[in-house]
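Okay, so here's the structure we're looking at.
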Amino acid sequence: MPLGRLMQGKPHAATPGVTIGAPRTYELFGDVCFVGRRNRAFTRLAALSGAQEGDRVLDVGCGTGYLTRHMAARVGPAGTVTGVDPSPPVLAYARRRKQRPGSAPCAYQEGIAESLDLPDASFDTVVTSLMLHHLPEELRPAALREMLRVVRPGGRLLVVEFQPPKSRLARHLVHGGTAHAMAHNRVDLLDGMITDAGFEVGGHGEIRPWLYYVQATRPGE
Ligand SMILES: C[S@@+](CC[C@H](N)C(=O)[O-])C[C@H]1O[C@@H](n2cnc3c(N)ncnc32)[C@H](O)[C@@H]1O
C-alpha cells in the first residue's frame, strides 16, 4: 500500500479534502523527504511570507503545525498564530508540540479551507503549505477566495505547494508512493488561480528539493 494512503485520515463530513490521520508517520515522512533540509526550508518560507513582528497569522491546512510554529517564531510574542485543519489527530499532535522560546502563541481549530469559520479581514498574513493539492480541483478557487476574505486589505498570502520532479521516472515513483494529485500537481496554474481569487501576485520561486511558492497581497490600503 502506498505510504500516502497509510497517512490518510477518515473522510471528514464537511469536506471532500483528503485529510492526514497519522501525524507521526507524516512527520517522519516529511523529515525523510527533506533530507535534513526541512527546518531550513520552512524558516525560509516563514521569511518569504513577509510576516512582521506582531502579525496575526493564519495557517490554512496546518496539519502537524510545522509551518505554524515557524510562523510563530517569526512574528514573536506580540503576534498570534492560528492553525486550521479538518483532521482532529493532526491538531491534537500540533497542540502537544513545544514552541521555540519567544514565539507567538499558537491556537489550533478544526475547520476547512473552502469555508473558513473566521471573521473578514482578521489576519495580517495567511499561509498555506501543501494543502491545496489535498482539495479537489474545483474547490481550490473557493479556498483561495476564503483566504482573500479573511486577510486584511494590504495583507499578505504565501501559498506553498509540492513541485513534482521533472523526470518521468521520479514522477512515477512519487505517484506510486503517494498519489496522483501530488505526482501531477500543476504548480504552473497557481499564479493564475491566486490572481483570479482577487490577490496581486508579487513573486514566486522554488525551494529545493520539492517546493514551489507564490507570494501575493490583498489589494487595498
Ligand atoms: C500534506 S498536509 C500539509 C500539512 C502542513 N501544512 C505542512 O506543510 O506540513 C495537507 C493538510 O491539508 C489538510 N486538509 C485536507 N482537506 C482540507 C480542507 N478542506 N481544508 C483545510 N485543510 C485540509 C489535511 O488534513 C492535511 O493536514
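Looking at V127, V151, which one is within 14 Å of the ligand (Cβ to nearest atom), modelled with pLDDT of 95 or more, farther than 21 Å from G21 by Cβ and within 17 Å of the chain's Cα centre (by Cα)? Don't jump to the end; show me each part of the working.
Working: V151 fails: within 14 Å of the ligand (Cβ to nearest atom).
Selected residue: V127, the only one of V127, V151 that is within 14 Å of the ligand (Cβ to nearest atom), modelled with pLDDT of 95 or more, farther than 21 Å from G21 by Cβ and within 17 Å of the chain's Cα centre (by Cα).
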Between residues in the stretch 123-137 that are within 9 Å of V150 (Cα to Cα) and among the small types (G, A, S) and residues that are in a strand (DSSP E or B) and more than 6 Å from the ligand (Cβ to nearest atom), which pairs lie under 8 Å by C-beta distance while being six or more apart or on different chains?
-> none
Check off (1) closer than 23 Å to A216 by Cα; (2) touching a strand residue (DSSP E or B) at 6+ places or on another chain (Cβ under 8 Å) for G76 and give me the number that stays unchecked.
-> (2)
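Please tell me if R69 is away from the ligand (no atom under 14 Å from the Cβ), crowded, with 16+ Cβ neighbours inside 10 Å and part of a helix (DSSP H, G or I). It would help to see each step written out before you state the result.
Working: away from the ligand (no atom under 14 Å from the Cβ): no; crowded, with 16+ Cβ neighbours inside 10 Å: yes; part of a helix (DSSP H, G or I): yes.
No, not satisfied.
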When the stretch 43-65 is checked residue by residue, the ones that are closer than 26 Å to E137 by Cβ and surrounded by fewer than 23 Cβ atoms within 10 Å (Cβ to Cβ) are L45, L48
Among what's in the stretch 90-113 and is buried (at least 18 other Cβ atoms within 10 Å of the Cβ) and not hydrophobic (A, V, I, L, M, F, W, C), pick the residue that is nearest to the ligand (Cβ to nearest atom).
-> G111
A careful count of residues in the stretch 72-89 that are more than 25 Å from E137 (Cβ to Cβ), out of contact with any helix residue (DSSP H, G or I) (no Cβ under 8 Å at 6 or more places or on another chain) and either in a helix (DSSP H, G or I) or within 11 Å of the ligand (Cβ to nearest atom) (or both) gives 3
Since T43 meets every condition but one in (1) within 13 Å of the ligand (Cβ to nearest atom); (2) farther than 16 Å from P105 by Cβ; (3) modelled with pLDDT of 95 or more, which condition does it not meet?
-> (1)
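Looking only at the stretch 12-40, count how many residues are more than 10 Å from the ligand (Cβ to nearest atom), out of contact with any Gly (no Cβ under 8 Å at 6 or more places or on another chain), in a loop (DSSP other than H, G, I, E, B) and farther than 15 Å from H70 by Cα.
Start the filter on the stretch 12-40 by keeping residues that are more than 10 Å from the ligand (Cβ to nearest atom), which leaves 13, 22, 24-25, 28, 31-37, 39-40.
If we keep only those that are out of contact with any Gly (no Cβ under 8 Å at 6 or more places or on another chain) as well, we get 13, 24-25, 28, 31-37, 39-40.
This time we only want the ones that are in a loop (DSSP other than H, G, I, E, B), so: 13, 34-37.
Narrowing the set further to residues that are farther than 15 Å from H70 by Cα leaves 13, 34-36.
Result for the stretch 12-40: 4.
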Residue under evaluation P11, criteria (1) in contact (Cβ under 8 Å) with a residue 60 or more places away in the chain; (2) more than 23 Å from P164 (Cβ to Cβ), criterion not met = (1)
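Working only within the stretch 90-105, note down all residues that are part of a loop (DSSP other than H, G, I, E, B) and either of a type outside the set (D, E, K, R) or in contact (Cβ under 8 Å) with a residue 24 or more places away in the chain (or both). I'd like the intermediate steps shown before the answer.
We begin by selecting, within the stretch 90-105, every residue part of a loop (DSSP other than H, G, I, E, B); these are 97-105.
Those that are part of a loop (DSSP other than H, G, I, E, B) and either of a type outside the set (D, E, K, R) or in contact (Cβ under 8 Å) with a residue 24 or more places away in the chain (or both): R97, Q99, R100, P101, G102, S103, A104, P105.
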Under 8 Å between Cβ atoms, at least 6 apart or on separate chains: pull out the pairs that start in the stretch 15-29 with a residue that is under 20 Å from L139 (Cβ atoms) and hydroxyl-bearing (S, T, Y) and end on any residue that is more than 8 Å from the ligand (Cβ to nearest atom) and modelled with pLDDT under 95.
-> T19/Q8; T19/K10; T19/P11
Matching residues in the stretch 30-59 - criterion: being without any contact (Cβ under 8 Å) to a residue 60 or more places away in the chain and of a type in the set (S, T, Y) = T43
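The values are calculated or read from the model by the stated rules, or taken from the named source; none is laboratory data. For clarity, every value in this text was computed on a predicted model and none was experimentally measured. All Cβ positions, even for glycine, are placed from backbone atoms using ideal geometry, and neighbour counts span all protein chains on display.
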